[in-house]
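For reference, the structure is listed below as structure tokens.
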Amino acid sequence: MYWNAFTRPSAFDPWLEFHRIHSALASVEYPPVEVWSKDDGALLRAQLPGTTPEDVELEIEKDKVTLKGPRPGSEAGRFVREIQLPFAAESGGVRATMSRGLLEVELPRAEAEKPKKITVKSA
């Protein structure tokens with residue numbers, strides 16, 4: 001293709017800018033999730049505005065958490081988000097609460113995954 005000052009796109013092309021912003025937004029995963037890890041487990045928080053606890057599906061499988069539910073607003077359809085944990089969770093001890101669109105999931109670390117302290121003895 002011949003490229004000169006007349007065929008080169010201008011410094012600001014609204015069409016290109018729209019596609020740049022749209023592709024950046026499309027790459028953001030929904031819902032936004034934060035995970036804090038410590039020795040005895042992890043805390044996961046997900047922002048789900050406009051969603052009720054009945055709408056949310058939560059699955060725990062070893063070191064993977066899966067969230068499913070409806071997308072809010074004009075973005076019709078459902079979301080599926082998988083979060084990889086740094087350890088296997090004890091699914092029997094998981095507690096999940098939701099208030100004002102904020103889902104909090106307490107994930108206890110599986111007993112076999114907990115760090116063990118070893119006493120070093122002198123010889």
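The values are calculated or read from the model by the stated rules, or taken from the named source; none is laboratory data. The model shown is predicted, which means the values in this text are computed figures rather than measured ones. Here the Cβ is made from the backbone with ideal geometry for all residues, glycine too, and neighbour counts use every protein chain on show. Just so you know, the surface numbers come from the protein's heavy atoms only, side chains and all, with ligands and any DNA or RNA stripped out. Shrake-Rupley method; radii C 1.70, N 1.55, O 1.52, S 1.80 Å.
Can you pull the accessible area of Ile118 for me, 1.4 Å probe, Å² to the nearest 10?
Taking all protein chains as shown, Ile118 has close to 130 Å².
Please identify the chymotrypsin sites (Phe, Trp or Tyr not before Pro) of the range 35-107 that satisfy two criteria: DSSP loop assignment and at most 16 other Cβ atoms within 10 Å. Which are they?
Those that pass, being in a loop and sparsely packed, number zero.
What GluC sites (Glu not before Pro) does the range 45-86 have in DSSP loop regions with at most 10 other beta carbons within 10 Å?
Glu75
Please report the accessible area of Leu102 (heavy atoms, 1.4 Å probe, ligands and nucleic acids excluded) in Å², nearest 10.
Accessible surface of Leu102 is approximately 60 Å².
Only sites in a loop by DSSP and with at most 13 other Cβ atoms within 10 Å count here; which trypsin sites (Lys or Arg not before Pro) in the range 60-123 make the cut?
Lys62, Arg100, Lys116, Lys117, Lys121
How many percent of the accessible area of the range 34-123 is carbon or sulfur, using a 1.4 Å probe?
Its accessible area is 47 percent carbon and sulfur atoms.
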